[in-house]
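Below is one structure, written out as structure tokens; comments come after it.
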Amino acid sequence: MTITAVWTITSAQDANAGDGLTIDEPDQIDELIKRLSEPAAGPATIWHEGRKLADTASGMLDHDVVAAVEGGYGYLGYIDADHDYAVLEGDPSSPELHAEDADFPAGSGVTPDRLAEALREFLATGLRPTGVTWREADLS
């Protein structure tokens, strides 16, 4: 199985700076977590290459996954046809995280290791990880 992650990089020199990683081995998730932990890294949009498209004509995915690492916490959001948008049930003391393409409420941050476990499961199954606890999040 393969997942692809892309994210923006905050840069005064390049307004279009970004990075990405294609992952097909579970141990490569650690590299993704490391790179998302860098101070200028924004949240990553992640898709599973093994899932069918929702619309083949437009190339629209049938799922939306976003992950971030900020302030020592990992954040993960997930939505697909079977699940409303949800974030992880995390450490109650974890702060909210607002980014250009993702909002995570307070209490949804987990350890980066826990985030890595969830992403490894997503890589292996292509489905919303079941080894973590989810809570619906308001998108408004």
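The values are calculated or read from the model by the stated rules, or taken from the named source; none is laboratory data. Please read these numbers as outputs of a predicted model, since none were measured by experiment. Backbone-built Cβ (ideal geometry, glycine too); neighbour counts: all protein chains shown.
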Worksheet item: Is at least one residue of region 105-128 closer than 17 Å to GLY42 by Cα, among the charged types (D, E, K, R) and part of a loop (DSSP other than H, G, I, E, B)?
Response: no
Worksheet item: Right, THR45: farther than 22 Å from ALA137 by Cα and touching a strand residue (DSSP E or B) at 6+ places or on another chain (Cβ under 7 Å) or not?
Response: no
Worksheet item: Does GLY131 qualify as being surrounded by 16 or more Cβ atoms within 10 Å (Cβ to Cβ) and either of a type outside the set (A, V, I, L, M, F, W, C) or in a strand (DSSP E or B) (or both)?
Response: no
Worksheet item: Of all the residues that make up region 88-101, how many are part of a strand (DSSP E or B) and over 26 Å from ALA17 (Cβ atoms)?
Response: 1
Worksheet item: Here is a list of conditions, (1) out of contact with any helix residue (DSSP H, G or I) (no Cβ under 8 Å at 6 or more places or on another chain); (2) surrounded by 16 or more Cβ atoms within 10 Å (Cβ to Cβ); (3) among the small types (Gly, Ala, Ser); (4) at negative phi, and ALA54 meets all of them except one; can you say which number that is?
Response: (2)
Discussion item. Quick check on ALA116: is it over 15 Å from the mean Cα position of the chain (by Cα), hydrophobic (A, V, I, L, M, F, W, C) and modelled with pLDDT of 95 or more?
Written reply: no
Worksheet item: Is it fair to say ASP138 is in contact with a strand residue (DSSP E or B) (Cβ under 9 Å, 6 or more places away or on another chain), in a loop (DSSP other than H, G, I, E, B) and at pLDDT 95 or above?
Response: no
Worksheet entry | Selected residue (only one of GLY77, GLY126, GLY71 is surrounded by 16 or more Cβ atoms within 10 Å (Cβ to Cβ), in contact (Cβ under 8 Å) with a residue 12 or more places away in the chain and within 27 Å of THR10 (Cβ to Cβ)) | GLY77
Discussion item. Which condition from (1) surrounded by 14 or more Cβ atoms within 10 Å (Cβ to Cβ); (2) more than 22 Å from ALA124 (Cβ to Cβ); (3) at pLDDT below 90 is the one that GLU100 breaks?
Written reply: (1)
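Which of the residues belonging to region 58-92 are of a type in the set (D, E, K, R) and modelled with pLDDT under 95?
Selection gives ASP62, ASP64, ASP80, ASP82, ASP84.
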Worksheet item: Which ones in region 23-68 are part of a helix (DSSP H, G or I), in contact (Cβ under 8 Å) with a residue 60 or more places away in the chain and of a type in the set (A, V, I, L, M, F, W, C)?
Response: ILE29, LEU32, ILE33
Worksheet entry | Search result, residues across region 28-57 that are closer than 21 Å to GLU70 by Cα and among the charged types (D, E, K, R) | ASP30, GLU31, LYS34, ARG35, GLU38
Item to complete: May I ask you to verify whether THR45 is surrounded by 12 or more Cβ atoms within 10 Å (Cβ to Cβ), polar (S, T, N, Q) and within 14 Å of the chain's Cα centre (by Cα)?
Response: yes
